[in-house]
Structure formats: structure tokens, C-alpha cells
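Enquirer: One structure follows; several queries about it will come next.
The values are calculated or read from the model by the stated rules, or taken from the named source; none is laboratory data. Everything numeric here is computed off the predicted structure, so don't read it as measured data. Heads up, the Cβs are rebuilt from the backbone with ideal geometry, glycines too, and the neighbour counts pull from every protein chain shown. Remember, those area values only see protein heavy atoms, side chains included, never the ligands or the DNA or RNA. Shrake-Rupley method; radii C 1.70, N 1.55, O 1.52, S 1.80 Å.
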Amino acid sequence: MNDQAIMENILLTTKGVCDLYMHGTIESSTQNVHQAFDQALSDCLCMQDDVYKKMQAKGWYTTQQAQPQQINQVHQKFAQ
């Protein structure tokens with residue numbers, strides 16, 4: 001397995017963990033549990049951001065700018 005594939009797996013795993021922590025935060029029944037999940041979510045989001053930035057710097061995670069016409073089309077679609 002090459003470095004890019006390893007980083008992709010780390011990113012996907014981290015995103016999945018963020019999702020679990022988010023649901024734990026939302027569904028927590030006490031303030032202590034809510035705070036614990038909320039802190040874990042915050043830490044996990046920071047990790048996810050770090051992994052993303054490293055992948056982007058190496059050209060392993062590319063994004064493309066949305067064209068203004070595409071933005072307007074989506075805006076009009078959901079404005080109705």
C-alpha cells in the first residue's frame with residue numbers, strides 16, 4: 001500500500017469517527033457526556049483537517065472551484 005492510499009484510509013476513518021462523535025454529542029443525555037463527545041469531536045475535526053491539508057499539499061486531494069453559473073443553478077433550485 002502506498003502513502004497516498006494510507007492517507008486516504010486515515011482520512012476516511014477520521015471522517016467516520018467524526019460522524020460517530022457528532023451523533024454521540026447530539027444524542028447524549030447528560031451534560032458531562034455531551035461535553036466529552038463534543039471535545040472528542042473537536043479534536044477529531046482538527047485531526048481530519050490536518051490530514052486533509054497534508055494530502056492537499058501533496059496533490060492527493062484536489063478540489064475544483066464551482067463556477068458561478070453552477071452556484072446560481074443550485075441556489076435557484078433550492079430557493080423554490
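Enquirer: What is the local net charge at LEU41, summed over the other residues whose Cβ is closer than 13 Å to its Cβ (Lys, Arg +1; Asp, Glu -1)? If you can, show how the numbers build up before the last one.
Expert: Details: positive: LYS15; negative: ASP19, GLU27, ASP38, ASP43, ASP49.
So the environment of LEU41 carries a net charge of -4.
Enquirer: Among MET7, GLN39, TRP60, flag the residue with its Cα farthest along the positive direction of the charge dipole of the chain, charges on Cβ as +1 for Lys/Arg and -1 for Asp/Glu.
Expert: TRP60
Enquirer: Let me ask something additional. Using the Cα centre of the chain as the reference point, and only Cβ charges (+1 on K/R, -1 on D/E), how large is the resulting charge dipole? Debye, rounded to the nearest 20. Working shown, then result.
Expert: Working: 5 positive and 8 negative charges, 70 e Å.
For the chain, the charge dipole is close to 340 debye.
Enquirer: Accessible area of the chain with a 1.4 Å probe: how many percent of it is carbon plus sulfur?
Expert: Values: 3470 of 6500 Å².
Ligands and nucleic acids excluded, carbon and sulfur reach 53 percent.
Enquirer: Then there is this: How large is the accessible surface of ILE71 in square angstrom, using a 1.4 angstrom probe and rounding to the nearest 10?
Expert: The accessible area of ILE71 comes to roughly 90 Å².
Enquirer: Averaged per residue, what accessible area in Å² does the chain show with a 1.4 Å probe, protein chains only? If you can, show how the numbers build up before the last one.
Expert: Numbers: 6500 Å² over 80 residues.
Normalised by residue count, the accessible surface of the chain is 81 Å².
Enquirer: Taking Rh as the Kirkwood radius, which is the inverse of the mean 1/r over Cα pairs, what is the Rg/Rh value for the chain? Walk me through the numbers on the way to the answer.
Expert: Values: Rg = 17.3 Å, Rh = 15.1 Å.
When Rh is taken as the Kirkwood radius, the ratio is 1.14.
Enquirer: Need one value: the accessible area of PHE78 in square angstrom, 1.4 angstrom probe, rounded to the nearest 10.
Expert: In the full protein context, PHE78 sits at about 150 Å².
Enquirer: Now for a separate question. Given the options GLY24, GLN69, GLN48, identify the residue whose Cα lies farthest towards the positive end of the charge dipole of the chain (+1 on Cβ of Lys, Arg; -1 on Cβ of Asp, Glu).
Expert: Positive-end residue among those listed: GLN69.
Enquirer: Excluding ligands and nucleic acids, what accessible area in Å² is computed for THR63 using a 1.4 Å probe, to the nearest 10?
Expert: Approximately 100 Å² of THR63 is accessible to the 1.4 Å probe.
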